[in-house]
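What follows is a single structure, written as structure tokens, with notes after it.
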Amino acid sequence: MAGRGGRGRGRSQMTFNVEAVGIGKGDSLPPSTLQPSPLFPPMEYKPVPLQTGEEVEYMLALKQELRGAMKNLPYYVKPAAPKKDVERYSDKYQMSGPIDNAIDWNPDWRRLPRELKIRVRKVRKERTTILIPKHKQRLPVDKEEAIKKLETLEKKEEEVTSEEEGEKEEEEEGKEEEEEEYDEEEHEEETDYIMSYFDNGEEFGADSDDNMDEAIY
Amino acid sequence: MTQAEIKLCSLLLQEHFGEIVEKIGTHLIKTGSQPLRVIANDTGMSLDQVKKALCVLIQHNLVTYQLQKRGFVEYEAPCSRVLRILRYPRYIYTAKTLYSDMGELIVEELLLNGKMTMSAAVRKVADRLTETMEDGKTMDYGEVSNTFVRLADTHFIQRCPMAPETTETSDAPPPPAPTLAVNEKDMYVVPNLNLIGKGKRSRSFDDEDNGEHKAKRQKQDADSKEPPPDDGIYWQANIDRFHQHFRDQAIVSAVANRMDQTSSEIVRTMLRMSEITTSSNAPYTQPLSSNEIFRSLPTGYNIVKQILDQYLTLLADDPLEFVGKSGDSGGGMYVINLHKALATLATATLESIVQERFGSRCARIFRLLLRKKHLEQKQVEDFAMIPAKEAKDMLYKMLSENFVSLQEIPKTPDHAPSRTFYLYTVNTLSSARMLLHRCYKSVANLIERRQYETKENKRLLEKSQRVEAILASMQATGAEEVQLQEIEEMITAPERQQLENLKRNVNKIDASENQVDETIFVLESYIESTVKKL
């Protein structure tokens, strides 16, 4: 209480003798801070320059290469590509990402918990003639639609099972898909076009965007 | 697990594995052990994505799993292992200095893929080496295998814990998660493989054709291949051994700086002799007699026994106490005090930081406090020979940054401030922790700045990449000089300048990250050495 009365008259009182810490009588204290410290505080002493030398250069190159290499490995999980505005014809023949979020590489499943396996749904095309009609009935309708949309030409050998579905479906679909493996291979050879030749024309207009005077027909 | 650590981990994961893995990894680091569904719920991601990310993280030894008693599996991510990603270039470079290109590539492949079987690793490395060799030459698998065996013998790579052997027909359903067991004896035992073959050079088609052909070929191969003979035996890089090597390097160079080349060679010999016999977190090495050291000195060094003894005595008497004398048998038994050496290295780092940040007079006060442990305000001014006002100012600056702390010693039981001593002191352990935290924050800031710079110039970078691709393809098809020049001119001069600037900045930031990581290593080793193992 006695301390608070001294507000405004010289320095504020503290609970201990400030001389012990070295603040003598009449010394002015630095102004109290009323805001958080600045984001980029000014430095009194400039930092020492970085190390140079062969070793440093080599490690720098290693670091950058490592970063680049990891981006291309299958371990780099890219988020699913956003759906395009319009369904395009080229989607059917271009290789898109892995089906149904399955992984691109083959881990050793004996070392991983069983719950981590992801089911890969085999791609089904319009092959009503080949399929026995009762198979179609067993599939729920929404799966069929999803499958039709996600067509790729990648070969998927791994038939991984998941515990999500009912077990009956699992066994039957498993058997079906093993038979269909042959079908898919045949089907691939059906298309006469080599995939690398397919150009969807996206790169075409890139360079000529400079002159907007000419109308594009 | 401070905020700075978590932020740095998330940035590292994002750069190397993508956003999905980053989200899940960060969540696991923050919240500890969790089962699969809880992770999916809390992060709001689909179950498939979580599974994918967990597979990647487990493959790279960043996440471990445990089967709980109730029957579900919990996943855990230790923060410290994720931070090691920053040090990968240093591990690879060390392998290069010790075992040349083959060792470098083996360690690189192991780090990039997390774990691999020996046959897969040898094959990949041979292929990569064959690419760089001249036409017609290929790399033999045998040489690569030899390097692999040498790496295993010196413990730089080790076997991963093994999955249990599954019997052909088991009545009980398999457990939801295998329990991986670590077999201490076999950890460095190389399987007896007979790898015969040569590296394959990939054909020089376009990338797309190549990918297609390979994919088709692989399918046919996979159908006819049996599992490789060392199936199930996976190898990973032994990070602790690399750390031991860095620590030894730091000690040797410290001795070389303090004394001379010969004494550093002696210390290096002693450390080499105790590599395998001493565990990595022992406080000191096994005692070595002077005779043994004399016999193990490298053959180029022909110093007389008496000189060696003199050097050893000098080293043992040095106030830094890197080397200690533990007995007199065998010409004198000497040990290297590892923990003391680490403490000295950390203290030297602290001193240097204080000097660079506050000036040499502050550094003088700091060193004074380190030597005298506790000093009053008045004593500091007297001993450091610095006028009172400036000394006060410097002490408060260091106090506000937590390099120096105040210790109260009350004279009376009621702790009255007017009757209490206030002593300044330096607590190296807490200062080291504070600095380590700052280092993590610095690296996180550096990475963010680098990403920002790259993002700002994204358009320009893409354009330059496209131009390069066009140039490369035109050169391959044999275009004229004029056409090539035309294409090159698509990038204007100021844009070129901008690209140069960007490259220089990114390089500088990357080099800084590497350098901060060296400080992180010293501080982390010191802090780890002070933690008492139960």
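Read-outs: derived from the displayed coordinates by stated rules, not from any lab. Just so you know, these numbers come straight off a predicted model, no measurement behind them. Positions of Cβ are generated from backbone atoms using ideal geometry, with glycine treated the same way; all protein chains shown enter the neighbour counts.
Inter-chain neighbour count for B:505-517: the average number of beta-carbon atoms from partner chains within 10 Å of each residue's beta-carbon is 3.
Entry note, chain B: relative contact order of 11 percent, from Cα contacts under 8 Å with a spacing of 6+ residues.
Each of the peptides B:419-429, A:63-73, B:240-250 was scored by the mean count of other Cβ atoms within 10 Å over its residues; in descending order, highest first, they stand as B:240-250, B:419-429, A:63-73. Peptide A:64-75 has a mean shielding of 5, counted as Cβ atoms of other protein chains within 10 Å of each residue's Cβ. Once you have a ≥ b ≥ c as the square roots of the Cα gyration tensor eigenvalues for the range B:284-368, tell me rounded if a/c is under 1.5, and otherwise prolate or oblate according to whether a/b is larger than b/c. It is prolate, given that a/c is not under 1.5 and a/b is the larger ratio. The HN-Hα couplings worked out from phi for the range B:260-275 by the Karplus form 6.51 cos²θ - 1.76 cosθ + 1.60 (θ = phi - 60°) are 9, 4, 5, 5, 5, 5, 4, 5, 5, 4, 4, 5, 5, 5, 9, 4 Hz, whole numbers, x standing for Gly and Pro. Each residue of the range A:109-116 was assigned a 3J(HN,Hα) from its phi angle through the Karplus expression (A = 6.51, B = -1.76, C = 1.60, θ = phi - 60°), giving 5, 5, 9, 10, x, 5, 5, 8 Hz with x at Gly and Pro. Short-range pairs are left out: with C-alpha atoms under 8 Å and at least six residues apart, the relative contact order of the range B:216-372 is 17 percent.
Rounded, prolate or oblate: which one fits the range B:79-124, using the alpha carbon gyration tensor with axes a ≥ b ≥ c (rounded when a/c is under 1.5, else prolate when a/b beats b/c, else oblate)? Oblate.
Relative contact order of the range B:356-410, taken over Cα pairs closer than 8 Å and 6 or more residues apart, is 27 percent. With a threshold of 22 Å on the Cα-Cα distance, the over-threshold entries among B:Lys51/B:Lys115; B:Lys463/B:Lys503; B:Lys441/B:Lys508; A:Lys46/B:Lys441; B:Lys325/B:Lys372 are B:Lys325/B:Lys372.
For the pair B:Val149 and B:Ser326, label points projected 7 Å from Cα toward Cβ lie 3.4 nm apart.
Helix B:338-358 and the long axis of chain B differ in direction by around 80°, with both axes built from C-alpha atoms. In order along the range A:45-61, phi translates into HN-Hα couplings of 10, 5, x, 5, x, 5, 5, 10, x, 4, 4, 5, 4, 5, 5, 4, 4 Hz, rounded to whole numbers, per the Karplus curve 6.51 cos²θ - 1.76 cosθ + 1.60 with θ = phi - 60° and x for Gly and Pro. In terms of the mean number of neighbouring beta-carbon atoms within 10 Å, the peptides B:442-448, B:493-499, B:35-41 order highest first as B:442-448, B:35-41, B:493-499. Backbone amide hydrogens, once placed in the peptide plane, bring B:Asn337 within less than 5 Å of B:Val323, B:Gly324, excluding anything fewer than 5 places away on its chain. Per-residue shielding of B:47-53, expressed as the average number of other chain Cβ atoms within 10 Å of the residue Cβ, stands at 6. Pull out a ≥ b ≥ c, the square roots of the eigenvalues of the alpha-carbon gyration tensor of the range B:447-487, then state rounded if a/c is under 1.5, prolate if not and a/b is larger than b/c, and oblate in the remaining case. Because a/c hits 1.5 or more and a/b exceeds b/c, the range B:447-487 counts as prolate. Output the 0 to 90 degree angle, nearest 10, between the alpha-carbon long axis of helix B:388-400 and the longest principal axis computed from the alpha carbons of chain B. Roughly 40 degrees, rounded to the nearest 10.
The range B:297-372 and the range A:33-57 have Cα centres spaced 30 Å apart. Value of Rg to Rh for chain B, rounded to two decimals, is 1.02; Kirkwood radius and Rg both from alpha-carbon coordinates. Each peptide in B:152-160, B:312-320 receives the mean, over its residues, of other Cβ atoms within 10 Å, and ordering these scores from highest gives B:152-160, B:312-320. The range B:84-114 and the range B:1-70 have Cα centres separated by 25 Å. Taking Cα atoms only, the orientation of helix B:207-224 departs from the longest principal axis of chain B by about 80 degrees.
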